[in-house]
Amino acid sequence: MSDAPLRLDGPREECGVIGISTPSDDAAQLAFFGLYALQHRGQEAAGIAVADGQAVRVHKDMGLVAQVFNSSTLSPLVGGMAIGHTRYSTTGDSSERNVQPFVVETLHGPLALAHNGNIVNANHLREQLLKRGAGLSSSSDTEVLALMLAATEGDSWEHRLSQVMSEWTGAFSLTILSGTKVIACRDPWGFRPLSLGRLPNGGHAVASETGALRTLGCDSIREIEPGEIVVLQGQMARSFRGATPAAVQARCTFEQIYFSRPDAVWDGLGVHQVRQRLGAAVAAEHPVKADVVIPVPDSSLPAAIGYAAASGITYNEGFVKNRYIGRTFIEPTDELRRQGVALKFNTLRENIEGKRVIMVDDSIVRGTTSGPLVRLIREAGALEVHVRVTCPPIAHPCFFGVDMGTHDELIAHHLSVDEICHHIGADSLGYLSVDGLMAALDRDDGYCNSCFTGDYPVEVQLQLPTDSKRRFDGVIG
C-alpha cells in the first residue's frame, strides 16, 4: 500500500505511543482505542504488546490501526498491562521488520519497547552492539534501545533504564513492557510529548497526547517531565528521576503548530488556542487588504480563525478535503497523478470567486503543494491570492523524529521568501517570525526551533546540500 504519489507537502507525522496498566484483563482493548486516538501521528503500521504477569504477547502489522486490529486479533491479547505504537518511519525504512513494539527475550524475561522520537547517535550505538555480538534484525533505532536496555545490569527494569538513558542522545518518549509492569520515560530534552493519567477503574495510562488519555476516560492528567521514569503496576503508579533534565529544554514547536490534535494540552498550553494565536500573530506581522480568509484543512483551521479575528477579515472555508484518497490501494492514472493536489482538495467556488483571498497554512516544506493550491484558488475565480504561513521558513532538516526532508528538499534552504512567493504563484507570501512564534507560545525558550534556525540543541551529523536552487525552478508545484 503506497500513498507516495499523493502525499501532501508537509512535515510527516512522527509516531504515537500508549501504555496501559489496569486491574482488569482488557489492557489490549484500551490500548487499541488509545492508538485510534493517536492515528494521526502515524499511518504506516501499528502494534500492541500485552502482558499477563508472566508472558508477553504481541500483534503488529503494516496498515492503519483499524486494519491491523479486529476482534479476532485482539482476543488472544489478554492481560492487565499493554503498550502500543502507531508508526510513521523516520529512522528505519517502511517495512514489517521495523514495526513496533519490538519484543526481545532477555535473561530477565521478555521485554517490549515502543518509541516516539529519533536517537541521533544510533549509528554509533549500533556499531557498539555489533562489536559485542548482538544480532540486529531491523534498521530501526528502537531495536538498538531495546537491546541496550536488555544488556544493561541492574536489579529492575526501571533501574536498568536509568543506567542506560544517559547514553542515548536525541528524542525518546518510550513505553516499555515487561511481564509484570509498564514503564514510561521521556528524554532529558523533552523533545516529544508524553503524559500520564488515571483510568476510571483505578489503573493508569500513558500516551503521546492528552486527547488519547481523555478518550480512555482518564483524569488527573499530567505531563511526564523530561528525564522522568514512570512505573505502572496494577493500580499503582510511581515515578522518579531517571536522568537529569537538560539545562535548556527542547520541546518540538511543531507539536504546537501541526502534529498534535487540537484537543491536546502540552506544556500547559491548549493546542487549539495556540494555533489561533499563531494565526493572529502572522496577521499582525503581515497585514494585507483582502475579502476572505480560508484555511488549508485540517490543521490550519484554528490558525485561520485566529487570523480572521485579528484582522477583521471574514473567515470562510475555501477547500473541501478528501480525507481518504491518500491511502488508496489503487494507483491513480497518469492524468490523475498529474492533478496531484486536486485529488485531495476541491474548492468552494462561491466562497472564492471575485474575492481577494488569504490562504492560511501551517507550513511550506518542499513547496510541492502550495503552488497547486494557489492555482486551484485562482481557477475558482479569486482576484488575488495571499499566502500566510504560521511558522517561520523551514530551512533545515529535523534529526529528532520528524520527516521534514533533507537540505536538498527544503525549498526555504534554497530560495528567498520572494522567490518562494514567485514559485508558488502567490500575490504575496508572509511567514511568522521565530520571535512571533515564541510570543504566541508565551515562552522565551524551552522549545526546539532548529528546523527554522539551524541551531540544534544537541550535536548532529549534518549532510550538506548537493543541489542548487535550480531544482526548484520551472513549473509551479
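The values are calculated or read from the model by the stated rules, or taken from the named source; none is laboratory data. Keep in mind that this is a model prediction, so the values were computed, not measured. As a convention, Cβ positions derive from the backbone with ideal geometry for all residues, glycine included, and neighbour counts pool all protein chains shown.
Okay, residues lined up against (1) acidic (Asp, Glu); (2) touching a Leu at 6+ places or on another chain (Cβ under 8 Å); (3) surrounded by fewer than 18 Cβ atoms within 10 Å (Cβ to Cβ):
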position: Glu143; (1), (2), (3): yes, yes, no
position: Leu147; (1), (2), (3): no, yes, no
position: Glu158; (1), (2), (3): yes, no, no
position: Thr169; (1), (2), (3): no, no, no
position: Phe172; (1), (2), (3): no, yes, no
position: Phe191; (1), (2), (3): no, no, no
position: Gly197; (1), (2), (3): no, yes, no
position: Ala205; (1), (2), (3): no, yes, no
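Is it fair to say Ile364 is surrounded by 15 or more Cβ atoms within 10 Å (Cβ to Cβ), at pLDDT 90 or above and outside any helix (DSSP H, G or I)?
yes
Only one of these conditions is not met by Gln249: (1) in contact with a helix residue (DSSP H, G or I) (Cβ under 6 Å, 6 or more places away or on another chain); (2) touching a residue at least 40 places away in the same chain (Cβ under 8 Å); (3) within 21 Å of Cys15 (Cα to Cα). Which number is it?
It is condition (1) that Gln249 fails.
Return the total of residues in the stretch 373-406 being touching a Leu at 6+ places or on another chain (Cβ under 7 Å) and polar (S, T, N, Q).
Residues in the stretch 373-406 being touching a Leu at 6+ places or on another chain (Cβ under 7 Å) and polar (S, T, N, Q): 1 in total.
Spot the failing condition for Glu225; the list is (1) touching a Ser or Thr at 6+ places or on another chain (Cβ under 7 Å); (2) acidic (Asp, Glu); (3) assigned by TED's automatic domain parsing to the domain that holds Gly79, and only one is missed.
Exception for Glu225: condition (1).
Select from the stretch 265-298 the residues that are of a type in the set (A, V, I, L, M), in a loop (DSSP other than H, G, I, E, B) and in contact with a helix residue (DSSP H, G or I) (Cβ under 7 Å, 6 or more places away or on another chain) and list them in ascending order.
The one that is of a type in the set (A, V, I, L, M), in a loop (DSSP other than H, G, I, E, B) and in contact with a helix residue (DSSP H, G or I) (Cβ under 7 Å, 6 or more places away or on another chain): Val296.
Just checking, does the stretch 214-227 include any residue being modelled with pLDDT of 95 or more, touching a helix residue (DSSP H, G or I) at 6+ places or on another chain (Cβ under 7 Å) and either under 18 Å from Cys15 (Cβ atoms) or surrounded by fewer than 18 Cβ atoms within 10 Å (Cβ to Cβ) (or both)?
Yes, the stretch 214-227 has at least one match.
Among the residues of the stretch 379-419, how many are buried (at least 24 other Cβ atoms within 10 Å of the Cβ) and of a type in the set (Ser, Thr, Tyr)?
Selection size over the stretch 379-419: 1.
Within the stretch 40-52, is even one residue more than 23 Å from Met236 (Cβ to Cβ) and assigned to a helix (DSSP H, G or I)?
Yes, because at least one residue in the stretch 40-52 is more than 23 Å from Met236 (Cβ to Cβ) and assigned to a helix (DSSP H, G or I).
Condition (residue is at pLDDT 95 or above, surrounded by 21 or more Cβ atoms within 10 Å (Cβ to Cβ) and not hydroxyl-bearing (Ser, Thr, Tyr)) applied to the stretch 339-353: is it met by at least one residue?
Yes - at least one qualifying residue is present in the stretch 339-353.
Restricting to the stretch 411-455, give me the number of residues that are in a helix (DSSP H, G or I) and in contact (Cβ under 8 Å) with a residue 12 or more places away in the chain.
Total satisfying the criteria: 20.
Working only within the stretch 367-410, note down all residues that are assigned to a loop (DSSP other than H, G, I, E, B) and more than 23 Å from Trp189 (Cβ to Cβ).
If the condition is that a residue be assigned to a loop (DSSP other than H, G, I, E, B) and more than 23 Å from Trp189 (Cβ to Cβ), then Gly367, Thr368, Thr369, Ala380, Gly381, Ala382, Leu383, Thr390, Pro393 are the ones that fit.
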